[in-house]
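Presented below is the structure to which this report refers.
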Amino acid sequence: MKNQGNSCPTVDIGGQAVMEGVMMRAPSSMAIAVRRQDRSIVVQYRPFTPLKDKHPWMGWPFVRGVVNMATMLVYGMNTLEDSTKMLGILDEEPSRFEKWLAKKTGKSTDKIVMGVAVVLAVVLALGLFMAVPAGVENLLKNAGMSTLGYTLISGVVKILLLIGYMLFSSLVPDVRRTFQYHGAEHKTVYCHEHGLPLTPANARTFSRLHPRCGTAFLLIVMSVSILLFLVLNLLVPISNFFLRFLFHLAMLPVVAGCSYEVLKGLAHTENVFSRILRWPGLQMQRLTTREPDDSMLECAIVAMNTAIHGLPAHAPRTPEGWAVLKSYEESDPAFRAPEKDGEQTEEASA
């Protein structure tokens, strides 16, 4: 059952691959499930109130795309931090420098590392996907190329940089493994959307390419920016490189808002036109997903079940409140923990 690119239900449940696990986000709750070295699955559950319920204007069309981009950036970094804590890889004794830095800043070592990573990621994204294309536009414009020409070439440069970045990332073994969990997330989401029991056997039959993926969103962002900047370059020609870069930066919320509406529309529409427009984004996901093994699908299933139904009541808890499962079946709300011998004897005598 290779469901590749069919439209999705109106109620979206999506997720994110993390180190050795998956995060799933339902409308009002989220769960992170990771596989530890002892093969147990540790899962965290967190309910939340959507911003659009607190502030209805944040759910307006076009505005919700900007809000979603900002919140997912925050959620994404928090999720990565939480998943590394759940794996226990941050429990190592910090170095002297890390202790000194933590003392001076008043922040924990892991928050400092994550903060530095966020800053570097933002700088890289702005430099690679905004400053470089803006510079290309500026050079071509000064060389006398037409507005249509330099805008299209700048857009192609953005897309090529995105593809190159993804290909380079896939060379890192840990990233390739995360891409497998990304595939597990998509297969599990498809399985849920089709109303099938969440098992590795059922999830395995689905495609690893999903129309609501963030990779598809990035490609839509690039495409929308090409069209938008073509119009704006005709209306507001800018020759100075720094002004052009600032102009691109200022238009980012507009691009994000428009792109989100396009993504939602394509994901929830089923016709020949929408399938054609979804196809490039689906193919781009071949760079950011890999076929998962069953243990990865199990993690994604645990995250999905927990996001929808909450933490299994019978599962033991860590001091942090995370549940520890021996198998993915334990996350199913229909699961019943085996009775102890003492309980069976007492029942029989009654």
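The values are calculated or read from the model by the stated rules, or taken from the named source; none is laboratory data. Just so it is clear, the model here is predicted, and its values are computed rather than measured. Note that each Cβ is placed from the backbone with ideal geometry, even for glycine, and that neighbours are counted across all protein chains shown.
A few notes on this one:
- Residue pairs meeting the criteria (Cβ under 7 Å; at least 6 apart or on separate chains; first touching a residue at least 24 places away in the same chain (Cβ under 8 Å) and aromatic (Phe, Trp, Tyr), in region 45-70; second assigned to a helix (DSSP H, G or I) and surrounded by 13 or more Cβ atoms within 10 Å (Cβ to Cβ)): Tyr45/Thr306; Phe62/Gly257; Phe62/Cys258; Phe62/Glu261
- Among residues of region 264-298, those that are touching a Pro at 6+ places or on another chain (Cβ under 8 Å), modelled with pLDDT of 90 or more, closer than 13 Å to Cys213 by Cβ and of a type in the set (A, V, I, L, M, F, W, C), counted: 1
- Counted as qualifying within region 212-274 are the helices (runs of 4 or more DSSP H) with 1 or more residues that are over 14 Å from Met130 (Cα atoms), namely 214-235, 252-267.
- Of the candidates Phe245, Phe206, Phe273, Phe229, the single residue that is free of Cβ contacts under 8 Å to residues at least 24 places away in the same chain and of a type in the set (Phe, Trp, Tyr) is Phe273.
- Any hit, region 161-174, residues being out of contact with any Ser or Thr (no Cβ under 8 Å at 6 or more places or on another chain), part of a loop (DSSP other than H, G, I, E, B) and not hydroxyl-bearing (Ser, Thr, Tyr): yes
- Residue ranges of helices (runs of 4 or more DSSP H) in region 1-109 with at least 3 members modelled with pLDDT of 90 or more, under 21 Å from Glu185 (Cβ atoms) and of a type outside the set (D, E, K, R): 63-87
- Of the residues making up region 296-320, just one is among the hydroxyl-bearing types (Ser, Thr, Tyr) and surrounded by 15 or more Cβ atoms within 10 Å (Cβ to Cβ), namely Thr306.
- Meets criteria (within 20 Å of the chain's Cα centre (by Cα) and not polar (S, T, N, Q)) for Arg39: no
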